[in-house]
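None of the figures in this text is laboratory data; all of them are computed from the coordinates on show. What you see is a predicted model, and the numbers here were worked out from it, not measured in a lab. Note: ideal-geometry Cβ built from the backbone for every residue, glycine included; neighbour counts use all protein chains shown.
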Amino acid sequence: MAKLPQGDLGDTLADIIRRKGMSVAEQLVDIQAHAIDEPNVKKFVSKLRCFKFESFDPDKHPIPPANKRISKNSAQSDEPKGVFRLKIIDASDIDKRDYIALSYTWDPCKSGDVTEEAAEGGYLFEDPFDEDNSRVGRSKRRRKGQLQSSSVRDCVLTRALKYLQHKPVKLLWIDAHSVDQVNEKEKQNGIQAMHLVYSYSKYPLALLARPIRTEEDLELLFEIMKGYILRKENMNASSESDSESSVHVVVSQRKAWKALQLLKTMTDDLWWTRSWTFQENYRALKNMTLLMPCLHEVSLQPKHREVFGAIDGELCIKASDLLTQATEMCKAYSRHSPLSEDKRSMIAHILSTMGKYTVRLSADEPMYPTIISDVTRRGITAPWDRLDILANTCWYPIRLDSLALQKDKLSLSLSILAQCLLNGELMIDGNAEGDSIRISNFFDCTLVELVQQLSFRQYCNPRRTGRLTYNRGCRYPEVTFRPEGIETRGHLWKMGPLLDYRVIQSQAAKSDFGGKWLSPSERNDLIGLIRLLVHKHSYHAEPIISQLKKLLDLERSKYIKEMTFTQEHPLRMATELINRAREGSKLRLAEIWDPRTPRTRSKRPLYRALFFDDNRSPGETTERRSLGETQAYVFTALDPVPVQSEDNRVDDNRHVYLEVDIAGSAFVLGEQTMTPLSIKKCTLGFCNFRKCDRTSVLFRWPPEFKEVA
C-alpha cells in the first residue's frame, strides 16, 4: 500500500520553525486567527439522513438509463440486490435513535491472507441531495429522490443488511450516502457532527474483515471475552474502590501469550488502522458491536452463540468488553518479567490499537495526549481531517478552519497543538520557581513528542467520580493566545488560615442518618465544619457557611444525578475536602485576591473558598502554619455548559483548580490588566464566587516557544 500523506506530522519543530521563519508562539498566534465558532451540529443530527431497505421491484423502483449498467466493478450487472430508501429522523430526540451507524473502511482490506471483495454497485440508494452549482463536472446529473447505484462495496452493504435483519432496527446511516460528498460546505458540516451520529446511535456497527479461521481461535476469543484468561488478586484491602484494591494477573502464561497473538492478528485488520474508524469506535464504544467474519467450517457451540450471537458466518463482539479485556491482559502480562523486545513491542502495539483509556491510563493523566498519538499514527487520506477527528473525539467546541490554514500554508502540527490549547487544555511551562520539568531536546521534537512533554500530568480528582472524565473537564473556559502566553479568565485566591480536622470532628454532629448521597459521617463532619466556621470566623466566612447549609438542605431532598452542575459540583468538592481532611490533609481558607487592589492590613478578609493543602516546608509545624504565614495562591475557573443529559451531551463542564506562583507584577496588555502565573500543581476546592468578577491572568509560554531555531 502506498504511503499516505501525513502533512508535517513527522517533522521536527526545528523543521517547522525554519520553514516559516517564525517562533512557535508567533505561529500559534497566527493560527488562532482561523478559529471558528462551534459548528451547528445539532441541526445536522436533527435531520439525519438514514435509509430503509426494500427488496428490488422493477415496477416500483425504476432505474434511470445512466444506471442500467450498475458498475463495471460489480459482480453482476443485471438486477440490483436491493434498494435503500431515504428516511429522515430527528436523532436529537432520545426516543428516535434506533438506527445503525455503520463504521467501515472505504477501501477493501488487503492484509496478509485477507483480501476483501471490491465489487460495488449492486445496491441502489435514493439520492437525498439536489443537483446544484457545486456539482459541475460530474459525469451524470443527480436529483433528489432519484435512485443511484451505490459506490459502497457490495460486501459492506450485504453484511450490514444481514445484521440489520437480526436486530429490532430498520434504519441504516452510512457516511457515503448520508453525508453530501460533493458540496464541500455540507460535507464539512457532516464531518463535524460525526461524533454525535455515532454517540447517539443505539446500534453502532463496525465491519471487520479478518475472519476467525479455526475452532481453536474461536475458543480463545471466547475465553478472552469471558475474562477466563485473567483472575483478580487483592492488593490493598484499605482502598475504597475495587479497581484500586485488586489487580489482574494471568491464569496461564502460555494461554495468555496465545491470546495476545490472536489480538495482534486482529489488529492487523485495516479497520483498526484508520483515523476515522478510531473516532467512530471511541464515540460509540458503549454500544459498538464489531462484526467479525467466521469461516463456515468453524463450528459454533451454544456457549459461543451466547457471546457472539447467531448471525450466520459472523461473530458479534461487544467492543467495550473486548477493549477492556485486551487492555487488562496487556497490563497483566507486562507485569511478568523478563519480556523480550519483540513481546514489549507487540504489547505496546495492542495497547495503542485496542487500549481502553479508562483501563490504560492512570487517574492523574489527561486523555488528549494519548488520543493525539493514537489518531496521528493511524492512516488517513486527507491529513487535515485529523483536526476535526480530534475535535470530535475530545469534545472541542472551538474548531479551526482547515481550508484557510492550508491556504495560508500554516503547520498542521502546530494547528493540532493550537486547537488543544484554544479549548483550554493545560500545559506546563517550566517557568515556575523550582520547576524541574523542562522540555528536553525541544527543537528535535515532533508534535506527538512535544505534547507528551508539555501536557500537565498531575491531575487531582475526586474519588467518587469517573476520574478520567473529571480530568477531561479540567480545561480553561476562555483562552486567547498572546505573544507573551495564554490568557484566560477566572478567580485568583490568596490562601489564609488552616483548619484542623480534629477540631472539625469535635464539633461534628452525631447523627446516624446520611442523605441521598452523603454518608452519615460525611454529613456529620460537614455540619462540624459549619459550626467551626461560625464559631471561629463568623461573618468573615459567611459565603462558605451559607453555601454549605444550602447544599446540605438540597442533598436531603434531591439525588445528585438530578442536580445541575452548579449544584452537584460544589457538593462533590465539599465532600471530597472533608474526606481528605479525615485522611490527614489540612483545609485552608482563602479570599479573593486582586493585585490591583490589595486589601489593607486593617481590613479583615472575607473568606469565600476552602482548599485542601498538603504543602509543608521542612521542619514546619502545624501550629505555625495555622496562622496562615505561608503564602500560597490558587487560580480557579468554572464554566458550566447548559443543562444537558449524558445522552445529549455536546460539551464538558469546565473546572480548573490550580495552585500557582505569581510570576511577576500585573501588567496591562491591550485593555486588560493581567497577572502572570505559573502552575505549581492541581488542587481541589469549595468556592463561593457569587458577585465576584473574573480577572484576566496569563500563563507564560515555555521559553523555547519564543525562540527561532
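Under the Kirkwood approximation applied to all pairs of distinct alpha-carbon atoms, what is the hydrodynamic radius of segment 300-375 in Å? Could you put the intermediate results ahead of the total?
Values: mean 1/r = 0.0694 Å⁻¹.
Over segment 300-375, the inverse of the mean reciprocal pair distance is 14.4 Å.
Report, for the chain, the % of DSSP beta bridges that are antiparallel, rounded to 5. Walk me through the numbers before you get to the answer.
Values: 70 of 87 bridges.
Antiparallel bridges: around 80 percent, rounded to the nearest 5.
Ordering Leu390, Tyr282, Phe689 by the projection of their Cα atoms onto the charge dipole of the chain, which places +1 on the Cβ of Lys and Arg and -1 on the Cβ of Asp and Glu, puts Phe689 at the extreme positive end. In plain terms, the residue of Thr265, Thr564, Thr675 with the fewest other Cβ atoms within 10 Å comes first and the most crowded comes last, giving Thr564, Thr265, Thr675.
Label sites at His61 and Ala176, each approximated as a point 7 angstrom past Cα along Cα to Cβ, lie 1.5 nm apart. Modelled label positions at Asp614 and Lys516, each set 7 Å beyond Cα in the direction of Cβ, lie 3.3 nm from each other. Here each label is just a point 7 Å from Cα along the line to Cβ, and for Arg463 and Asp107 those points are 5.1 nm apart. So how tilted is helix 565-582 from the main axis of the chain? Cα-based, degrees 0 to 90, rounded to 10. Its long axis makes an angle of about 60 degrees.
If R0 equals 45 Å, the separation of the Cβ atoms of Lys43 and Arg19 corresponds to a calculated FRET efficiency of about 0.70.
For each of Ser55, Ser352, count neighbouring Cβ atoms within 10 Å of the residue's Cβ, then give the residues from fewest to most. List each step's numbers first, then the result.
On the way: Ser55 10, Ser352 15.
Ordered by Cβ neighbours within 10 Å, fewest first: Ser55, Ser352.
Rg and Dmax of segment 172-321, based on Cα coordinates, read 18.8, 60 Å.
The orientation-averaged projection of the convex hull spanning the C-alpha atoms of the chain amounts to 35.9 square nanometres. Here the 3J(HN,Hα) profile of segment 304-318, calculated from phi with Karplus coefficients 6.51, -1.76 and 1.60 at θ = phi - 60°, is 5, 5, 5, 8, 9, x, 10, 7, 4, x, 9, 10, 9, 10, 6 Hz, Gly and Pro shown as x. Seen against the Cα atoms of the chain and their longest principal axis, helix 385-394 is set at about 50 degrees. For Gln146, nonlocal amide neighbours, meaning residues 5 or more places apart or on other chains whose placed amide H falls under 5 Å from its own, are Asp127.
Listed by chain and number, the aspartates and glutamates whose C-alpha is less than 14 Å from the C-alpha of Lys264, apart from same-chain residues fewer than 8 away, are Asp217, Asp342.
Cross-link reach is defined here as a Cα-Cα straight distance under 24 Å, omitting same-chain residues fewer than 8 places apart; for Lys47 the lysines meeting it are Lys87, Lys96, Lys144, Lys167, Lys170, Lys185, Lys187, Lys202, Lys286. Backbone amide hydrogens, once placed in the peptide plane, bring Asn183 within less than 5 Å of nothing, excluding anything fewer than 5 places away on its chain. The slack between Arg694 and Lys52, meaning 0.36 nm per residue of separation minus the straight C-alpha distance, is 225.9 nm.
For the chain, the relative contact order is 14 percent, taking Cα pairs closer than 8 Å that sit 6 or more residues apart in sequence and dividing their mean separation by the residue count. For Glu120, the residues whose modelled amide H falls within less than 5 Å of its own, excluding neighbours fewer than 5 places apart on the same chain, are Asn73, Ser74, Ala75, Asp154.
Using the Cβ-Cβ distance between Thr158 and Lys409 with R0 set to 51 Å, the FRET efficiency from 1/(1 + (r/R0)^6) comes to roughly 0.70.
The stretch between Asp500 and Asp95 holds 140.7 nm of extra length on full extension. This uses 0.36 nm per residue minus the Cα-Cα distance. With θ taken as phi - 60° and the Karplus curve 6.51 cos²θ - 1.76 cosθ + 1.60 applied, the whole-hertz 3J(HN,Hα) list for segment 446-460 is 8, 4, 4, 5, 5, 4, 4, 7, 7, 5, 6, 10, 10, 5, 10 Hz, x standing for glycine and proline. Each residue of segment 658-664 was assigned a 3J(HN,Hα) from its phi angle through the Karplus expression (A = 6.51, B = -1.76, C = 1.60, θ = phi - 60°), giving 10, 6, 10, 9, 7, 9, x Hz with x at Gly and Pro. Take the Cβ atoms of Lys303 and Leu339, set R0 to 30 Å, and the FRET efficiency comes out at 0.40. Cysteine residues of the chain whose Cβ has no partner cysteine Cβ closer than 4.7 Å: Cys50, Cys109, Cys155, Cys294, Cys316, Cys330, Cys394, Cys420, Cys445, Cys474, Cys687, Cys692.
When the helices of the chain are scored as -39500 (n - 2.57) per DSSP H run of n ≥ 4 and the total is divided over every residue, the value at 222 nm lands at -10000 deg cm²/dmol.
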